[in-house]
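See below for the structure under consideration.
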Amino acid sequence: MSDTQAPNHPTLKRVKAAFGGLNLRATSYRDQATLIVDAKDLHRVLEFLKTDEDCLYNFLSDITAVDYEGYPAKTIGRFAVVYNLCAYSRDDRILVKVFVDPTIPTGGIDADPGLHVDSVVDLWAGAEWMEREVFDMFGIRFDNHPDLRRILLWEDYPGHPLRKDYPLRGRGERESYRIVDRTSS
């Protein structure tokens, strides 16, 4: 079996049966299934995966993002938000991925209307900090998040450093640090 063949995962069959009219895709790499959904359908599908009796993905292990800028293969969008879900009752895991594409140049800190997905804090309370980290590092905004602000960097930080178009040496942030030594702290 090729690593990129359509996966044979029981949850994917259940989701397809429940959401037959949605644009759903699936992929597999090293026996790890990934369900790809459109941003407008993300919350409904994640809620189904959490609450359906045959799925019961009750633990959100992680939320992260990927910047596909310069990626050799064609992707659906430049950025992907990835949800890592676990169903402890079956010792099962699935990834859910949603692609978003910027509508304005990504070099600054301007809010991009194309980089929005629905928050899942109402489904998993632990998503609050993970979504804030993705927002801080990639600039992807989570609609209906209760407190979407930077979590790792200061509010006026001039960009989102995990974007591939962010300069490796930064934009002068390092030069403006106030040096704190043991005697002045």
Subject >> Fraction of antiparallel bridges per DSSP, the stretch 15-170 only, in percent to nearest 5 >> reply: 75
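Note down, for the stretch 1-62, the three equivalent ellipsoid semi-axes (square root of 5 times each alpha carbon gyration tensor eigenvalue), biggest first, whole angstrom. Working shown, then result.
Numbers: eigenvalues 72, 39, 26 Å².
That gives 19, 14, 12 Å for the three semi-axes.
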**OP:** Starting from the Cα of residue 144, move 7 Å in the Cα-to-Cβ direction to define the label point; list residues of the stretch 11-46 whose amide nitrogen is under 17 Å from there.
**Re:** 38-46
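Short version: what are the Cα gyration tensor semi-axes of the chain, square root of 5 times each eigenvalue, largest first, in whole Å?
Working: eigenvalues 224, 72, 48 Å².
After scaling each eigenvalue by five and taking roots: 33, 19, 16 Å.
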**OP:** Using the structure shown, list the pairs from 50/74; 40/164; 74/97; 16/74; 50/97 with a Cα-Cα distance above 21 Å, or answer none.
**Re:** 50/74; 40/164; 16/74
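Can you compute the helix-only [θ] at 222 nm over the chain? Use -39500 (n - 2.57) per DSSP H run of at least 4 residues, normalise by all residues, nearest 500 deg cm²/dmol. Walk me through the numbers on the way to the answer.
On the way: 3 runs with 31 residues, N = 185.
-5000 deg cm²/dmol, from helical runs alone.
Each value in this text was obtained by applying a stated rule to the coordinates, not by laboratory testing. Because the structure is predicted, anything quoted here is derived from the model rather than measured. Every residue, glycine as well, gets a Cβ built from its backbone with ideal geometry; the counts of neighbours run over all protein chains shown.
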